[in-house]
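Asks: Pasting a structure below so you can have a look.
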Amino acid sequence: MIVSVASGKGGTGKTTVTASLAVSWSRPVMAVDLDVEEPNLHLFLKPEVTDTEVVTIEVPEVDESKCTYCRKCAELCQFKAIAVMGKAIMTFPEMCHGCGGCMAICPEGAIGVGMRELGVMERGVVRGTLPCLTGRLRVGEAMSPPLMRYVRSCMRAESAAKSMDVLVDAPPGVSCPAMSAVADSDVIVLVTEPTPFGFHDFKLAWEAFSPYEKPIAVVINRAGLGDHRVYEFCAVQNLPILAEIPYRRDIAEHYSKGFILAELDADLGELFSKLGRDLRQLAKEVRHA
């Protein structure tokens with residue numbers, strides 16, 4: 001079972017919820033940070049990193065002694081990562097998506113395989129038992145989905161081998177990385193807050209993720225702040241609100257020190273334990289529907 005924790009915007013408490021679920025989960029579970037542009041799940045879980053793997057993408061390397069400048073590669077590339085101008089050929093590795101089309105179409109075999117570093121994937125262990133994967137994009141790199149795909153492939157293989165559930169901390173918003181992060185999910189958790197900005201971006205996220213036809217559950221952070229539009233929208237769309245995190249100063253202080261919210265007091269511990277149970281039940285109901 002894969003649960004992705006997402007949000008319409010940053011700062012709603014997505015990572016806070018993921019970390020608390022990870023330490024409250026009653027089954028073996030793996031925590032995965034797919035917010036590769038700015039991973040911060042490790043700030044709460046504090047994993048002991050056991051392995052760091054450099055992740056690369058294939059890019060074209062041209063042997064100009066073989067090139068006839070036929071332009072077939074440039075015409076094929078939809079991302080303009082390769083260009084032919086007269087008797088000159090240029091590649092732009094930072095624009096290449098690594099599809100390999102230019103290498104396959106070249107009639108002269110003039111295009112070989114080069115490698116460009118995207119970032120790293122860190123493997124770690126939390127408190128000796130909870131495995132954790134973290135994708136970390138190279139500084140200055142603009143293309144996160146290929147790194148995310150690699151982390152997701154490792155996540156699927158390693159969790160299946162150990163019969164583990166997976167909790168994914170997804171990127172915020174509704175951009176390409178966020179859509180990629182939730183693609184494998186059995187359940188999507190949308191974390192929001194009852195404020196005008198929170199409600200606006202929550203609706204955008206719901207509209208973006210709904211076409212996946214996966215069950216969506218809602219967690220409301222800072223409950224008691226703002227208005228009731230989020231609640232009214234969830235009622236109309238039949239979205240279950242599985243947890244409400246109260247708007248309290250001690251919660252903000254606990255979070256700001258890098259502590260896990262589920263461990264602040266017994267009530268919050270039970271809140272996240274129940275949230276985990278409800279999410280597993282929701283996934284079970286969908287599988288048996």
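The values are calculated or read from the model by the stated rules, or taken from the named source; none is laboratory data. Note that the structure is a prediction, hence the values are computed from the model and not measured. Using ideal geometry, Cβ is built from the backbone for each residue, glycine included, and neighbour counts are taken over all protein chains shown.
Asks: Have a look at P47, P28 and point out the one that is of a type outside the set (G, A, S), in contact with a Cys (Cβ under 6 Å, 6 or more places away or on another chain) and in the same structural domain as L275 (by TED's automatic domain parsing).
Replies: Working: P28 fails: in contact with a Cys (Cβ under 6 Å, 6 or more places away or on another chain).
Exactly one residue qualifies, and that residue is P47.
Asks: Which of (1) closer than 17 Å to I251 by Cβ; (2) surrounded by 18 or more Cβ atoms within 10 Å (Cβ to Cβ) is the odd one out, the single condition V32 does not satisfy?
Replies: (1)
Asks: Can you tell me how many residues within the range 189-207 are over 22 Å from V151 (Cα atoms) and assigned to a strand (DSSP E or B)?
Replies: Step one: of the range 189-207, the residues over 22 Å from V151 (Cα atoms) are 191-207.
Now narrow it down to the ones that are assigned to a strand (DSSP E or B): 191-192.
Total meeting the criteria: 2.
Asks: For the range 140-188, name all the residues that are in a helix (DSSP H, G or I), among the hydrophobic types (A, V, I, L, M, F, W, C) and in contact (Cβ under 8 Å) with a residue 24 or more places away in the chain. So that I can check it myself, show each step before the final result.
Replies: Step one: of the range 140-188, the residues in a helix (DSSP H, G or I) are 145-161, 176-181.
Within this subset, residues satisfying the condition of being among the hydrophobic types (A, V, I, L, M, F, W, C) are 147-148, 151, 154-155, 157, 160-161, 176, 178-179, 181.
Selection gives L147, M148, V151, C154, M155, C176, A178, M179, A181.
Asks: Hey, another quick one. Of all residues in the range 78-110, which are polar (S, T, N, Q) and either crowded, with 16+ Cβ neighbours inside 10 Å or modelled with pLDDT under 95 (or both)? Talk me through it step by step, then tell me what you get.
Replies: At the first step, the residues of the range 78-110 found to be polar (S, T, N, Q) are 78, 91.
Within the range 78-110, T91 is the sole residue that qualifies.
Asks: Now a separate question. Kindly indicate the residue of the range 269-282 that is of a type in the set (A, V, I, L, M, F, W, C) and closer than 20 Å to A19 by Cβ and also surrounded by the fewest Cβ atoms within 10 Å (Cβ to Cβ) among those meeting that condition.
Replies: Going through the range 269-282, the residues of a type in the set (A, V, I, L, M, F, W, C) turn out to be 271-272, 275, 279, 282.
Within this subset, residues satisfying the condition of being closer than 20 Å to A19 by Cβ are 271-272, 275, 279.
Numbers: L271: 21, F272: 24, L275: 23, L279: 26.
Applying the filter and picking the extreme gives L271.
Asks: Is one or more of the residues making up the range 177-192 crowded, with 21+ Cβ neighbours inside 10 Å, modelled with pLDDT of 95 or more and over 24 Å from G11 (Cβ atoms)?
Replies: Scanning the range 177-192 turns up no residue that is crowded, with 21+ Cβ neighbours inside 10 Å, modelled with pLDDT of 95 or more and over 24 Å from G11 (Cβ atoms).
Asks: Applying the selection to the range 49-66, what residues are more than 25 Å from the chain's Cα centre (by Cα) and crowded, with 18+ Cβ neighbours inside 10 Å? Even if it seems obvious, please write down each step before you answer.
Replies: To start, the set of residues in the range 49-66 that are more than 25 Å from the chain's Cα centre (by Cα) comprises 60-66.
P60, V62, listed by residue number.
Asks: Please state which of the following conditions R123 fails to meet, knowing it meets all the rest: (1) part of a strand (DSSP E or B); (2) among the basic types (K, R); (3) loosely packed, with under 14 Cβ neighbours inside 10 Å.
Replies: Exception for R123: condition (3).
Asks: Still on this structure, please answer the following. Scan (1) surrounded by fewer than 16 Cβ atoms within 10 Å (Cβ to Cβ); (2) among the polar types (S, T, N, Q); (3) closer than 18 Å to G198 by Cα for the single condition S256 breaks and write down its number.
Replies: (3)
Asks: Inside the range 81-102, can you point out the residues that are touching a Lys or Arg at 6+ places or on another chain (Cβ under 8 Å) and either part of a loop (DSSP other than H, G, I, E, B) or touching a residue at least 60 places away in the same chain (Cβ under 8 Å) (or both)?
Replies: F92, C96
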